[in-house]
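Q: After the structure tokens below, expect a handful of questions from me.
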Amino acid sequence: MTVDINALCMTFLLFINQDAMYEEVNVCPDIQVMPVKELQLLACNGAECPVQAYYDRQAKAVYLSRELDLDYSYDRSILLHELVHYVQDINDKWEEDINECRSAIRREWNAFIMQEKYLLEKNIRIPVSRQLSFYRC
């Protein structure tokens, strides 16, 4: 990767801050790049899974797969998606309601919508929000 991750993070926080849903966040989380096997340990309890990035609420950190190439807009959008979760966390949008699963889906939906918005600005039409069809409560 030849991209300055912290500069990219700040750019994405500005992008997210345009969404009236959140209070502004102007400090990046810790962002770490690691082999996919290490990422699977964190995000999938060590099981093989198709994880490319993960936001850890307790650590306030974003973990990215070393396989991502942040020179490409689609891979950048994956970082943006995780930063949306970070902003949700800072804004206390992790509300626990009667149906925790539905809350999680709402958070994912918002992150996917922000990701699609970014991709559309780059003239990339990939409906990433369709992944929500795999989420079940």
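Q: For every helix of n ≥ 4 consecutive DSSP H residues, a contribution of -39,500 (n - 2.57) applies; sum these over the chain, divide by its total residues, and give [θ] at 222 nm rounded to the nearest 500 deg cm²/dmol. If you can, show how the numbers build up before the last one.
A: Values: 4 runs with 61 residues, N = 137.
My calculation for the chain gives -14500 deg cm²/dmol from helical runs alone.
Q: Here's something else I'd like to know. Under the Karplus relation 6.51 cos²θ - 1.76 cosθ + 1.60, θ = phi - 60°, what is the ordered set of whole-Hz ³J(HN,Hα) values for region 25-40, x standing for Gly and Pro?
A: Each residue of region 25-40 in turn: 10, 10, 10, 6, x, 5, 10, 10, 9, 8, x, 4, 4, 5, 5, 5 Hz.
Q: Using amide H atoms built in the peptide plane, which far-off residues or other-chain residues are under 5 Å from Gln32 H to H?
A: Amide H neighbours of Gln32, under 5 Å, 5+ apart: Val62, Tyr63, Leu64.
Q: Once Cα extents along the principal axes in Å is worked out from the coordinates, which option in (i) 44, 37, 30; (ii) 43, 30, 25; (iii) 157, 46, 12 does it equal?
A: It is the one labelled (i).
Q: Could you please report the charge total around Phe15, scoring K, R as +1 and D, E as -1 over all other residues with beta-carbon less than 13 angstrom from its beta-carbon?
A: Within the 13 Å Cβ shell, the charges total -1.
Q: Compute the relative contact order of region 1-123 as a whole-number percentage, counting only Cα pairs closer than 8 Å that sit 6 or more residues apart in sequence. Mind dumping the intermediate values first?
A: Working: 150 pairs, mean separation 28.2, N = 123.
Relative contact order here is 23 percent.
Q: Scan the chain and report its longest stretch carrying no trypsin sites (Lys or Arg not before Pro) that are both in a DSSP loop and have at most 11 other Cβ atoms within 10 Å.
A: Counting only loop sites that pass the neighbour cut-off, the longest clear stretch is 58-124.
Read-outs throughout are calculated quantities, based only on the coordinates presented, and are distinct from any laboratory measurement. These numbers were taken from a predicted model, which means no experiment stands behind them. All Cβ positions, glycine included, derive from the backbone under ideal geometry; neighbour counts span all protein chains shown.
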